[in-house]
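These notes are about the structure you will find just below.
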Protein chains: 2
Amino acid sequence: MSNKKQQIIEAATKSFSLFGYKATTMDQVAKVANVGKGTIYTFFKSKEELLDEIVSSLIVEMKEAAEEVVDPHLSFFENAHRALYRFLEFRKKHQLLIKLLQEEKEIGTPAVQEVMKRLESTILAYIKQKIEAAIEKGEIKNCNPEITAFLMFKMYIALVFEWEQTHEPLSKEQIAELFELYFLKGLSK
Amino acid sequence: MSNKKQQIIEAATKSFSLFGYKATTMDQVAKVANVGKGTIYTFFKSKEELLDEIVSSLIVEMKEAAEEVVDPHLSFFENAHRALYRFLEFRKKHQLLIKLLQEEKEIGTPAVQEVMKRLESTILAYIKQKIEAAIEKGEIKNCNPEITAFLMFKMYIALVFEWEQTHEPLSKEQIAELFELYFLKGLSK
DNA sequence: ATATTGACCATTTTGTTCATTTAGTCATTT
DNA sequence: AAATGACTAAATGAACAAAATGGTCAATAT
């Protein structure tokens, strides 16, 4: 990948993470990236496509990060735990996601809504597929994979992002523990 | 309670449920309630207080509804299940909550944000207290009551309100079943 | 030739003004 | 004494002007 394209992506990622999508101007991205504004448009059709590409790489990165630690020979739980941990270490990179999540909720920028929807679908499809495999192998109870994926995702969001809107953030150890306790083991004694 | 006050409350509840808080005018409430506008202000200091009082009664109603079916002699799970079921039957009355939830998200009316925050705190405090009792009695695992309450609440919202934004709504039997499966029993075999 | 650029343009967003609407009051009526 | 609706001050939003921004392209640099 050309040097300039990379510079642009980095500048945009930084700006989006810091100010959000809407509040980031293309002039600003150009300036931070040390390129002329026109140059951006030789690599990206539009501001929206720039965001799209950044989020797409993020998705790829996340998938790779998950696959790195997931081992088909291990149990579903062990893999879920490892992947969860991996994501939690990611939180710094999550700065972008946090900002986009916030912008989606507070401003509702259409481009951001779309990209977040795509991100959510991708994640849900991925989890769903893992769950289906685990059911197939008889590792977990027979449950509706789609609803289960949906709830796992919501729970992750609640623990990682929503909790800290009114409380002290939870450490990644705490989150992993909680996730396991509530979702996998259940509260039953 | 005076007849007129009741009329006003009913009219306002209906209007708020149908059009939301912001889009409901006091003239409209007066007309529907068949009273002069001034009359409203002999019972309520402001529009906001009118909403506050309506939501307060709703909270009381919900608490009563829960207490009706909760039996201290039964297990925490059985009671949780019963209360959940009771709430799900409430969904019609939830029309107001649905509208307010939507208004909070889409318009962000300050008065609505405040009242919803109060509602959430009340519910969380209530669940938390029940959880503490259950831990005390040794009925459930020793968990952080505040976080547990938070997650139960988020899960309820996710199942009842959020799921149906992209899928067919779940029946109350399904929801109760799911709630039990994921939260109480866990997916472990 | 090819890559890069920033002045430029069309469109969107933001700021401002002003007429309309609405929450809340109070003198009058019931 | 209770209820009312015309009235007022404040909030809202429609309409318009000004500023900002996304995207283009002829000119420039490599």
*Given H placed on each backbone N at 1.01 Å, which residues far from A:Ile140 in sequence or on other chains put an amide H within less than 5 Å of it?*
A:Ile135
*Relative contact order for the range B:1-44, counting Cα pairs under 8 Å that sit 6 or more residues apart, in percent*: 42 percent
*Quick one: go through the range B:60-88 and flag any residue whose amide nitrogen is under 13 Å from the point 7 Å out along the Cα-to-Cβ line of B:Gln129.*
B:60, B:63-64, B:66-67
*asked:* Before we go on, tell me the buried accessible area for the A/B pair, both chains summed, 1.4 Å probe, in Å² to the nearest 100.
replied: 3100 Å²
*Give, rounded to the nearest 20 debye, the magnitude of the charge dipole that the range A:1-143 has about its Cα centre when Lys and Arg contribute +1 at Cβ and Asp and Glu contribute -1 at Cβ.*
420 debye
*Could you tell me which of A:Phe44, A:Gln28, A:Ala133 has its Cα farthest along the dipole of chain A towards the positive end, charges placed at Cβ (Lys, Arg +1; Asp, Glu -1), taken about the Cα centre?*
A:Gln28
*Top mean-square fluctuation among A:Leu100, A:Leu74, A:Leu58, Gaussian network model of chain A, C-alpha springs under 10 Å?*
A:Leu74
*In whole angstrom, how long is each semi-axis of the equivalent ellipsoid of the range A:1-44, when you take the square root of 5 times every eigenvalue of its Cα gyration tensor and sort them from largest down?*
16, 11, 8
*chain A: relative contact order as a whole-number percent, Cα under 8 Å and 6+ apart*: 19 percent
*asked:* Using only Cα atoms and rounding to the nearest 10 degrees, what angle (0 to 90) does helix B:95-106 make with the longest principal axis of chain B?
replied: 90 degrees
*Once phi is turned into ³J(HN,Hα) by the Karplus curve 6.51 cos²θ - 1.76 cosθ + 1.60 with θ = phi - 60°, what whole-Hz value does each residue of the range B:36-41 show in order, with x for glycine and proline?*
x, 4, x, 4, 4, 7
_Just to verify a number: what accessible area does B:Glu61 come out at with the full protein assembly present, 1.4 Å probe, Å² rounded to tens?_
60 Å²
*Counting Lys and Arg as +1 and Asp and Glu as -1, each charge on the Cβ, what is the dipole of the protein assembly as shown about the Cα centre in debye, to the nearest 20?*
720 debye
*Go ahead and collect, in residue order, the members of the range A:76-91 whose backbone nitrogen is under 17 Å from a label point 7 Å along the Cα-Cβ direction of A:Gln174.*
A:85, A:88-89, A:91
*Pseudo-label separations to other copies for B:Phe19 - Cα-to-Cβ vector, 7 Å, nm*: 4.0
*For chain B, what is the calculated [θ] at 222 nm in deg cm²/dmol (nearest 500), taking -39500 (n - 2.57) for each run of four or more DSSP H residues and dividing by its residue count?*
-22000 deg cm²/dmol
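The values are calculated or read from the model by the stated rules, or taken from the named source; none is laboratory data. From a predicted model like this one, the values you see are computed outputs, not experimental measurements. Because the Cβ atoms are built from the backbone with ideal geometry, glycine has one as well, and the counts that use them run over all protein chains shown. Each accessible area value is taken on the protein alone, full model and side chains, heavy atoms only, with ligands, DNA and RNA left out. Shrake-Rupley method; radii C 1.70, N 1.55, O 1.52, S 1.80 Å.
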